[in-house]
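One structure is given here, and the rest of the page talks about it.
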């Protein structure tokens with residue numbers, strides 16, 4: 001199992017981070033960090049208020065499977081999540097294991113959470129609280145199947161995460177100034193995607209070819225400086241571009 005502790009890889013990453021120019025490049029660097037430390041997925045999110053029920057809508061950038069995010073939100077697991085409850089009261093990193101997903105939940109929610117995390121192999125991980133330059137409380141989560149990191153590795157990962165999060169904010173701010181407005185068709189396609197429709201469904205609704213729908217969605221994804229449709233929809237919702 002990779003631990004991220006050998007060689008000069010972390011130092012090399014710090015140098016690479018300063019050269020990143022787009023959100024997609026930051027995304028790839030996060031994936032590289034995931035692999036370096038032996039995890040499977042990462043999630044960067046704004047810390048949602050206690051009343052929020054949507055994980056996908058509060059996600060900034062992630063490679064968590066869209067199916068996981070969709071199931072998590074459909075089952076409303078945010079409301080009873082012990083991990084998010086702890087993030088609201090902690091500013092230090094903390095590791096989590098399988099048992100933490102069910103602690104304090106109702107029997108029904110505990111079963112749903114356990115099955116979901118097991119299905120996607122996200123039963124161990126670490127939560128790293130961070131803060132944006134605007135003062136927003138955020139967090140970076142790494143998850144997979146591995147033993148907890150030791151204190152030295154946590155400190156090392158926290159350093160990398162802070163630099164990556166800072167760079168993400170910088171490139172996102174720059175891209176926001178350069179973004180092109182979305183066309184009516186692009187907004188329509190995003191709206192139907194947010195409603196759970198596939199490209200084939202949208203093509204039938206809008207009387208377009210599936211190829212054309214994919215073209216609009218890909219263009220909207222690029223304009224919003226996101227890495228996939230799930231991220232594009234989440235960003236469009238946060239900006240009230242769609243409902």
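The values are calculated or read from the model by the stated rules, or taken from the named source; none is laboratory data. Note that the coordinates shown come from a computational prediction; the quantities given were computed from them, not determined experimentally. Here the Cβ is made from the backbone with ideal geometry for all residues, glycine too, and neighbour counts use every protein chain on show.
The residue list 161, 226, 221, 183 contains one member that is at pLDDT below 90 and buried (at least 17 other Cβ atoms within 10 Å of the Cβ), which is 226.
Going residue by residue through segment 208-217, is there one that turns out to be surrounded by fewer than 20 Cβ atoms within 10 Å (Cβ to Cβ) and at positive phi? Checked against the condition, which is being surrounded by fewer than 20 Cβ atoms within 10 Å (Cβ to Cβ) and at positive phi, segment 208-217 yields no hits at all.
Scanning segment 1-20 for residues being at pLDDT below 85 and either assigned to a loop (DSSP other than H, G, I, E, B) or in contact with a strand residue (DSSP E or B) (Cβ under 6 Å, 6 or more places away or on another chain) (or both) gives a total of 8. Counting only residues that are at pLDDT 95 or above and within 27 Å of residue 75 (Cβ to Cβ), segment 146-158 holds 0 of them. Restricting attention to segment 217-243, the residues being in a loop (DSSP other than H, G, I, E, B) and either in contact with a strand residue (DSSP E or B) (Cβ under 9 Å, 6 or more places away or on another chain) or touching a residue at least 60 places away in the same chain (Cβ under 8 Å) (or both) number 4. For residue 173, the stated conditions hold: it is closer than 26 Å to residue 14 by Cβ, part of a helix (DSSP H, G or I), without any contact (Cβ under 8 Å) to a residue 12 or more places away in the chain and assigned by TED's automatic domain parsing to the domain that holds residue 32. Taking the criterion of being touching a residue at least 60 places away in the same chain (Cβ under 8 Å) and within 20 Å of residue 86 (Cβ to Cβ), the only residue of segment 104-123 that qualifies is 122.
Would you confirm whether or not segment 154-163 contains a residue that is free of Cβ contacts under 8 Å to residues at least 40 places away in the same chain and farther than 14 Å from residue 44 by Cβ? Among the residues of segment 154-163, at least one is free of Cβ contacts under 8 Å to residues at least 40 places away in the same chain and farther than 14 Å from residue 44 by Cβ, which makes the answer yes.
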